[in-house]
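Since the structure comes first, as structure tokens, the remarks are kept for the end.
The values are calculated or read from the model by the stated rules, or taken from the named source; none is laboratory data. What you see is a predicted model; the values in this text were computed from it and never measured. All Cβ positions, glycine included, derive from the backbone under ideal geometry; neighbour counts span all protein chains shown.
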Amino acid sequence: MRRAGGLVLAGIMVGGLMAAAAAQGKGGTLRAGLDADPPSMDPHRSTAAVDRQVYQNLFDKLMDTDDTLQIIPMLATSWTTSPDGRTVTLKLRKGVKFHDGTPFDAEAVKYNFDRMKDPNFPSARRSEVLPVQKVTVVDPATVALGLERPYSPLLYVLTDRAGMIVSPAEAKKAGTDFALHPVGTGPFRFVEKIPQDHITLERNPDYWVKGQPLLERIIYRPFPDDNARVANLKSGDVDIINRTPLPQIRQLAQEASQPGARFKLLEHGAFSWQGIWLNVTKPPFDNKLLRQAFNATIDRNVIANVVLQGAAYPSYSFFPNGTPAYDPTWKIPPRNIPLAKEKLQAAGSPSGFSCTLLIVPGQVNQAIGQAVQSMAADAGIQVKLQIVEFGTMLHETDTLQHQAAFLGWSGRPDPDFDIYPFVTQSGIGSFNDAGYTNPQVQTLLAAARLLNDMDQRRRAYRQVTQILADDLPYLWLYFEKEYKLVSTRVHGFIHVPDGMMRFRTVSLSPQ
Amino acid sequence: MTRFAVRRLLQMIPVLFFVSVIIFVLINLVPGDAARLFLGEEAPPDALAALRHELGLDRPLYVQYLRWVGGMLRGDFGHSFKDNRKVLTTVLQKVPVTGELTIAALAIAWTIAIPAGVVAAWRRRTAVDYSASAAALTGLSIPNFWLGIMLIYLFAVHLRWLPASGFVPLGQDPVLNLKTIVMPAFVLGIVLAAVVMRQLRSSMLEVLSADYVRTANAKGLGERVVLVRHALRNAVIPVITVMGIQMGTLFGGAVITETIFALPGLGRLTVESIYGRDYPMLEGVVMFSAFAVLAVNLVVDIVYSLIDPRIKLAGSGP
């Protein structure tokens, strides 16, 4: 009931926004500031989160998520799952054309899956579509995905890069050069990319949603420096930025609430998670008691509300507030120094121990590192902070050379991709930076993939979380809230909690 | 002069060769697997192998090195790991940005430093000298990123006179080009001005106590003539050396300034290529910077001889 009410409300809101957008008129160039230069324009090869910001407007996906994270039709208009859960049949939208004029149809969908699964093509999507064994073209507007076994995360997987359909004609012609002139079916088409300078997209006049998009052009510009990104929004040089530095949230919220403010701050529930990996394969954290001692020293409320000034929720699981598997009854343990000392005693290190915590550069990372350092020191645990660049961090954690590492995850709408690879054998050497395995966890997570009902899945995830809360391969710290800093000129922007900026409903009022 | 230039150009070849070896070795010593960074965290081993093969990373190091150098000799600097973009085209795209920034910063530095240095030396141990020195010390001490952000807040956010960031090519819109370059050039120029001013002051002091200056004064020449024609011209030689070194550094990329002002120059290309383990791009940009530094130094040597006829360029004799 609540969901239906929410949908109606969302429908009214979207309708209202679109009416408002129509009143603002068409045209104009939206300038979007990004926190990094998107490295690749090929969704099947992309590995950077920031790439997805541009893709939202360049490519359509088979399905999309709305602002309540429900799956909604996009290039697929409807879908059915066979009773045995092993065939998912997609009905495709008719009359859609790629930016190069070639038609979108079932053959194109099949080609895209083949491209992602081709062993000779270095696709970053291969593992995401691994459960799809066979793609059958039923008719030009119907495609059947044959699965090895039921796989509940599939639909959500298709709302992201794996569901983005590239033009087969262009992909075949360009090969690995596709990223230089990407072609999709999205509301905007590619014009140019100058590395570290800008990416320009222009309106797709043949877009399949009548009357959309409203903007004439989008220019993305990278601003790796947090302060510079915010300053450019304030000066009016850009109209929206994808990431707002958490330590500035309180100040920006205050400025945005002043009369005559030229920007607004939009907030959404959290989508990503942050915490500390403890390498369980080498000392000191191969000792569970020491992991438990370290965990007991941490005050998650202080981290979320004092260090991050309320721009995050304290966390004690992999499922952020506002995502489908979030469990509101799951409690965050209070800080407990006597317990930490007890665990140290039991581990035979009553006076504590020392360890090195890797962090990547950045104001927030250092602030969190220092907070954890001082909290742990109260129980005699000496945390040395070591700042390393991201590539080095990945190398250290992939090869399990580290002791502890502060690293999070940008989050996915389906809970499976927020937990599965992080705590199972399959993720060792990549996502599982603890080197942790547990047969019980493996069984429960594999079972959750077979279940279609989110309530049942949530129960399985709760059991896993209980085990992880005792084993502690990862110290959950906080869920970052999702913010967008937007000029008051921007109208009709729908803020989806995944943080991805979809601009087809957006219009601009004159400067 | 021509023979000198040709000889110096030939001398660059072994230097560039050593640079190429060093950069190649260093890049391969840095931890981190390019294929892993490009394929993401959950890449299956066969996909990684396919990508390493595509990028040529599965070949022995000496083969990789020879292919790279061989390519360069044919004018092919390779393709970016990220999106297969041509390295040379990308590097050359950045040159106008960094080049203009360097020249503008240099112009600002000279404009401030030359009068300040001359006056400080001429009126040494007076309030003028002390305040010029204090100003120079301040200029040296202000962090680039802080000054940059303060300028943005003043001129772009509050006064709205200048754009906060970006680069518009000179040919496209000269006025806007000037507006986009003035703040970053000032940030770089102010530090450079401080260095040049300190250098010029001390070399002026030395020259001013020289015999020929005393002679010039005794001849009854005007103070201005003695200062500018006799003293400054001789004092400026060491300053040019400093400028040459500084300019080389600037041309290698003013990373922080480029980042704050979102300028797509060589500095940011270098840093992002390091972070992304984009080896061909990084190798290309470092080779280019090395070449630029050598070229600037050659120009500096030629300028010496123009300013001071006593300096004979080896090989350019009669």
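Working only within the range B:105-139, note down all residues that are in contact (Cβ under 8 Å) with a residue 24 or more places away in the chain and outside any helix (DSSP H, G or I). Listed by number, the list holds a single entry, B:124.
Quick one: which residue in B:95, B:19, B:15 is within 24 Å of the chain's Cα centre (by Cα) and in the same structural domain as residue B:300 (by TED's automatic domain parsing)? The unique qualifying residue is B:95. Residue A:237 passes every criterion in (1) touching a residue at least 24 places away in the same chain (Cβ under 8 Å); (2) within 14 Å of chain B (Cβ to nearest Cβ); (3) more than 14 Å from residue B:262 (Cβ to Cβ) apart from (3). As for the range B:202-225, it holds no residue that is part of a helix (DSSP H, G or I) and over 17 Å from residue B:122 (Cα atoms).
The strands (runs of 3 or more DSSP E) falling completely within the range A:64-149 that include 1 or more residues that are more than 14 Å from chain B (Cβ to nearest Cβ) and among the polar types (S, T, N, Q) map to A:76-81, A:87-92, A:132-139, A:142-147.
Every listed requirement among (1) touching an Asp or Glu at 6+ places or on another chain (Cβ under 8 Å); (2) buried (at least 21 other Cβ atoms within 10 Å of the Cβ) is met by residue A:154 save one, (1).
Looking only at the range B:216-224, decide whether some residue is farther than 24 Å from residue B:112 by Cα and at pLDDT 90 or above. Looking through the range B:216-224, none of the residues is farther than 24 Å from residue B:112 by Cα and at pLDDT 90 or above. Considering A:52, A:45, the condition of being more than 17 Å from residue A:143 (Cα to Cα) and crowded, with 22+ Cβ neighbours inside 10 Å is satisfied by A:45 alone.
Exactly one residue out of B:92, B:10 is more than 14 Å from every other protein chain (Cβ to nearest Cβ) and loosely packed, with under 15 Cβ neighbours inside 10 Å: that is B:10. Filtering the range A:202-229 to residues that are of a type in the set (Asp, Glu), in a loop (DSSP other than H, G, I, E, B) and closer than 23 Å to residue A:40 by Cβ leaves only A:225. If you go through the range A:415-448 and keep only what is within 14 Å of another protein chain (Cβ to nearest Cβ), in a helix (DSSP H, G or I), of a type outside the set (Ser, Thr, Tyr) and within 23 Å of residue A:271 (Cα to Cα), you end up with A:416, A:417, A:418, A:419, A:421, A:422, A:423, A:427.
Can you tell which of A:253, A:169 is surrounded by fewer than 19 Cβ atoms within 10 Å (Cβ to Cβ), more than 30 Å from residue B:270 (Cβ to Cβ) and out of contact with any strand residue (DSSP E or B) (no Cβ under 8 Å at 6 or more places or on another chain)? The unique qualifying residue is A:169.
Just to be sure, is residue B:49 in contact with a Leu (Cβ under 6 Å, 6 or more places away or on another chain) and within 12 Å of chain A (Cβ to nearest Cβ)? When the stated conditions are applied, residue B:49 does not pass them.
Beta carbons closer than 6 Å, at least 6 apart along the sequence or on distinct chains, pair a first residue in the range A:475-499 that is within 21 Å of residue A:235 (Cα to Cα) with a second that is assigned to a loop (DSSP other than H, G, I, E, B) and of a type in the set (S, T, N, Q) for A:483/A:244; A:485/A:244; A:489/A:509. Considering every residue within the range B:21-35, establish whether at least one is touching a Lys or Arg at 6+ places or on another chain (Cβ under 9 Å) and free of Cβ contacts under 8 Å to residues at least 60 places away in the same chain. So far as the range B:21-35 goes, yes, one or more of its residues are touching a Lys or Arg at 6+ places or on another chain (Cβ under 9 Å) and free of Cβ contacts under 8 Å to residues at least 60 places away in the same chain.
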